[in-house]
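Accompanying notes for the structure given below.
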Amino acid sequence: MPKVLVVDDDPHIRHILRFALEREGFAVAEAADGAAALAAVADQAPDILVLDVTMPEIDGTEVCRRLRRTSDVPVIFLSSRDEEVDRILGLELGGDDYVTKPFSPREVVARVRAVLRRRAAAPSPAPAPAEMARGALRLLPDSHQAFWGAEEVVLTVTEFALLRCLAAHPGRVFTRDALMDVAYPDRRVVSDRTIDSHIRHIRAKFAALGAEPIGTVHGLGYRFSG
């Protein structure tokens, strides 16, 4: 049975979600804070996280950011805030869905099922090459590592996918819509400006090394510039 890791600093919410999920046949583990969540992912390998955004010390967005360096485990955010910017931020960090508090436990269960169903139905990716090199850029798909020369550049899973797509087709211009299919293969509905945000983050990380691997073609989109 699928294992759900429920992460919230409120024990009452954890109890409610555990009861609702177990009643529907899920195995449930709990974590009361971000550090415990990261440890539980490493030790228990859950199939999906229901992750509170607002927690002390390590909040939910930072937990997701750290997970996305090495893992694509599905994440459903819980938050008491319903601002659009918060939802977009959660999705940009690699979240799969977003539920605002107060919520119906039945809705959370339904969303857990929907996310797991989408993941199960997604086509398996083609085997990745062991390494891709474009000038000073090296990409290691198996470990999701990127290097500029000898320096490693830490990218999120989505950032890595976008850069890999651009680098695999040097010179080709990709529209935002095309890159959205790369970033979100489950075709979730997000703003096309989300791609601009991902590209901006990638550029900032490489700019620290004096590099600019992505060029803008005004009115069209982006391409790898090497």
| Charge dipole (debye, nearest 20) of the chain; +1 at Cβ of Lys and Arg, -1 at Cβ of Asp and Glu | 780
| remark: Residue-normalised value, i.e. accessible area per residue, for the chain at 1.4 Å probe, in Å², stands at 51
| Which value, in Å² and to the nearest 10, is the accessible area of Val154 when all protein chains are kept and the probe is 1.4 Å? | 80
| query | Does the range 3-120 come out rounded, prolate or oblate, given a ≥ b ≥ c as the square roots of the eigenvalues of its C-alpha gyration tensor, rounded meaning a/c under 1.5 and, failing that, prolate meaning a/b above b/c? | reply | rounded
| Length-normalised contact order for the chain - Cα pairs under 8 Å, 6+ apart - percent | 14
| Does the chain come out rounded, prolate or oblate by the C-alpha gyration tensor, with a ≥ b ≥ c the root eigenvalues, rounded set by a/c under 1.5 and, if not, prolate when a/b is larger than b/c and oblate if not? | prolate
| query | Which percent, nearest 5, of DSSP beta bridges in the chain are antiparallel? | reply | 45
| On the accessible surface of the chain, probed at 1.4 Å, how many percent belong to carbon and sulfur atoms? | 52
| field | Cα-based shape type of the range 132-224, given that a ≥ b ≥ c are square roots of the gyration tensor eigenvalues and the cut on a/c is 1.5 | value | prolate
| request: Give the relative contact order (percent, whole number) for the range 132-224; include only Cα pairs under 8 Å separated by 6+ residues. | output: 27
| task | At 1.4 Å probe size, with no ligands or nucleic acids counted, give the accessible surface of Asp72 in Å², nearest ten. | result | 100
| request: Quick one: what are the phi-derived ³J(HN,Hα) couplings along the range 151-166, Karplus 6.51/-1.76/1.60 with θ = phi - 60°, whole Hz, x for glycine and proline? | output: 8, 7, 10, 7, 10, 6, 4, 5, 4, 4, 4, 5, 5, 4, 4, 5
| field | Nearest 10 degrees, 0 to 90: helix 105-121 Cα axis against the chain principal axis | value | 40
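The values are calculated or read from the model by the stated rules, or taken from the named source; none is laboratory data. Since the model is a prediction, treat every value here as computed from it, not as a measurement. Glycine also receives a Cβ, built like all others from the backbone with ideal geometry; neighbour counts cover every protein chain displayed. Areas reflect the complete protein model, heavy atoms only, side chains present, ligands, DNA and RNA absent. Shrake-Rupley method; radii C 1.70, N 1.55, O 1.52, S 1.80 Å.
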